[in-house]
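Novice: Have a look at this one.
The values are calculated or read from the model by the stated rules, or taken from the named source; none is laboratory data. Small disclaimer: the values here were computed from a predicted structure and weren't measured. Neighbour counts run over all protein chains shown; Cβ positions are idealised from the backbone, glycine included.
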Amino acid sequence: MPRNRHTAAFALITVAALSLTACGSGGPAASPAAGAKAAGKGKVPVTDVVSSVRKDEAAAKLLPGKVRDSGTLSLASSIGAPPGAFYLEDGKTLAGADIDFADAVAKKLGLKLKREVASFEAILPALGSGKYDLGTGNFGVTDERRRTIDFVTYINDGQGFAVRDDSELKKVTDLSQLCGLTVGTGAGTTFEATLEENKHVCADAGEKPYEVRTYADQAAVWISLQQGRSDVLMSTINGLRYAVSQQEGLRFLNEFKRLDVGFAFKKGTPLAPAFQAAVNSLKKDGTYDRILKKWGTGESAIESSRISPPEIR
């Protein structure tokens, strides 16, 4: 289904889902942004925090000569839900913190981005093949990913949980607390990997294992919770907090694990030093904080950008 049809469909589905119990299979939909407006819970931030950014000559000099000469880079963007990256109601315009950070860094480096929307799970392999120069999609920096991908960090986010208001879950500090439940999450994510790798905790405790249900569309994850096909969601801390603030009957449970998040590149990229310098330049001139303030993610601030740091344990 085309993205603009997705958006219109989700606006209708969300209103129904908020007022009904589980009563059907539902279908994939667009990001919660459209549903949030339909439910009357808030407006998407529209503050312009990018146009005033000026080129940082010192950072730009760190770019490879052929990149400076061409003045362009190909960027693959995973589009999911606020506050990361999502479509506005017109189904065409992109918004979100990931969009602002990428555009601001490009301005610091004097570059134009050729942005192409791609699925989350397809981006990292495509970087390795050279199809794109870089990718964004709230990619958490893990030791497993660092083996084949280079990262330049720009925020700190991580893993968390959300449930319906009628859930008996209070806080998940150990995955054994999920035994016997159905957990919804995004396909190809660190959440899916964490859940699959730790399924043994239920057997170790003599409990019924939890079931993992994955969805390629982020909004479909939320629909699964609203309609009772999932008991709990595991997703990004920032995404969960934003979504529950926009939808009735849902609540953020707790943070589970923090992760650095970065621009993703092919291993061994010569672009990393320039991007690191550009992010730090955004911090210095105040643009960085303005982006975080716009999207309500001040708790995700990092002290300085790093290149492929070890996974936070």
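Novice: From the list V172, V244, exactly one residue is modelled with pLDDT of 95 or more and of a type in the set (V, I, T). Which is it? I'd like the intermediate steps shown before the answer.
Specialist: Values: V244 fails: modelled with pLDDT of 95 or more.
V172 is the lone residue from the list that is modelled with pLDDT of 95 or more and of a type in the set (V, I, T).
Novice: Also: Checking the condition in contact with a helix residue (DSSP H, G or I) (Cβ under 7 Å, 6 or more places away or on another chain) and surrounded by 16 or more Cβ atoms within 10 Å (Cβ to Cβ), which residue from V212, V244, V261 passes?
Specialist: On the way: V244 fails: in contact with a helix residue (DSSP H, G or I) (Cβ under 7 Å, 6 or more places away or on another chain); V261 fails: in contact with a helix residue (DSSP H, G or I) (Cβ under 7 Å, 6 or more places away or on another chain).
Going through V212, V244, V261 in turn, the sole match is V212.
Novice: Could you tell me how many of the residues in region 230-262 are more than 17 Å from D166 (Cα to Cα) and of a type in the set (D, E, K, R)?
Specialist: Qualifying residue count, region 230-262: 5.
Novice: Right, another one. Which members of region 119-140 meet the condition of being buried (at least 20 other Cβ atoms within 10 Å of the Cβ) and among the small types (G, A, S)?
Specialist: Scanning region 119-140 gives G135, G137, G140.
Novice: Out of I155, I149, which single residue is in contact with a Ser or Thr (Cβ under 7 Å, 6 or more places away or on another chain), touching a residue at least 12 places away in the same chain (Cβ under 8 Å) and among the hydrophobic types (A, V, I, L, M, F, W, C)? I'd like the intermediate steps shown before the answer.
Specialist: Working: I149 fails: in contact with a Ser or Thr (Cβ under 7 Å, 6 or more places away or on another chain).
None of the other options fit; the residue is I155.
Novice: Looking at this structure, is S176 touching a helix residue (DSSP H, G or I) at 6+ places or on another chain (Cβ under 7 Å), touching a residue at least 12 places away in the same chain (Cβ under 8 Å), among the polar types (S, T, N, Q) and more than 21 Å from S78 (Cβ to Cβ)? Spell out how you get there, then give the answer.
Specialist: Working: touching a helix residue (DSSP H, G or I) at 6+ places or on another chain (Cβ under 7 Å): yes; touching a residue at least 12 places away in the same chain (Cβ under 8 Å): yes; among the polar types (S, T, N, Q): yes; more than 21 Å from S78 (Cβ to Cβ): yes.
Taking the combined requirement at face value, the residue satisfies it.
Novice: While we're on this one: Going residue by residue through region 200-209, is there one that turns out to be within 23 Å of V261 (Cα to Cα) and among the acidic types (D, E)? Walk me through it before giving the result.
Specialist: Here is the first cut: in region 200-209, the residues within 23 Å of V261 (Cα to Cα) are none.
Looking through region 200-209, none of the residues is within 23 Å of V261 (Cα to Cα) and among the acidic types (D, E).
Novice: To continue, here is another question. I'd like the full set of residues that are of a type in the set (D, E) and either touching a residue at least 60 places away in the same chain (Cβ under 8 Å) or touching a Gly at 6+ places or on another chain (Cβ under 6 Å) (or both), limited to region 257-298.
Specialist: Step one: of region 257-298, the residues of a type in the set (D, E) are 260, 285, 289.
D260, D285 - these are the residues of region 257-298 that are of a type in the set (D, E) and either touching a residue at least 60 places away in the same chain (Cβ under 8 Å) or touching a Gly at 6+ places or on another chain (Cβ under 6 Å) (or both).
Novice: For region 215-230, enumerate the residues that are crowded, with 21+ Cβ neighbours inside 10 Å, at pLDDT 95 or above and not in a helix (DSSP H, G or I).
Specialist: Result: S230, single match.
Novice: Go through (1) within 15 Å of the chain's Cα centre (by Cα); (2) assigned to a loop (DSSP other than H, G, I, E, B); (3) not aromatic (F, W, Y) one by one and return the number of the condition G180 breaks.
Specialist: (1)
Novice: Still on this structure: Got a number for residues in region 136-159 being of a type in the set (G, A, S) and under 11 Å from L259 (Cβ atoms)? First the steps, then the outcome.
Specialist: Here is the first cut: in region 136-159, the ones of a type in the set (G, A, S) are 137, 140, 158.
Retained after the next criterion (residues that are under 11 Å from L259 (Cβ atoms)): 140, 158.
Result for region 136-159: 2.
Novice: Further question: Hey, can you tell me all the residues within region 97-125 that are within 27 Å of K257 (Cα to Cα), part of a helix (DSSP H, G or I) and small (G, A, S)?
Specialist: The answer is A97, A102, A122.
Novice: Out of (1) closer than 28 Å to P273 by Cβ; (2) buried (at least 19 other Cβ atoms within 10 Å of the Cβ), the odd one out for Q159 is which?
Specialist: Every condition holds for Q159 apart from (1).
Novice: Does G84 satisfy being of a type in the set (G, A, S), modelled with pLDDT under 95 and within 25 Å of A59 (Cβ to Cβ)?
Specialist: Details: of a type in the set (G, A, S): yes; modelled with pLDDT under 95: yes; within 25 Å of A59 (Cβ to Cβ): yes.
Spelling it out, G84 is indeed of a type in the set (G, A, S), modelled with pLDDT under 95 and within 25 Å of A59 (Cβ to Cβ).
Novice: Select from region 42-63 the residues that are part of a helix (DSSP H, G or I) and more than 17 Å from A102 (Cβ to Cβ) and list them in ascending order.
Specialist: E57, A58
Novice: Just one of the numbered conditions (1) part of a helix (DSSP H, G or I); (2) surrounded by fewer than 20 Cβ atoms within 10 Å (Cβ to Cβ) is not true of D90; which one?
Specialist: (1)
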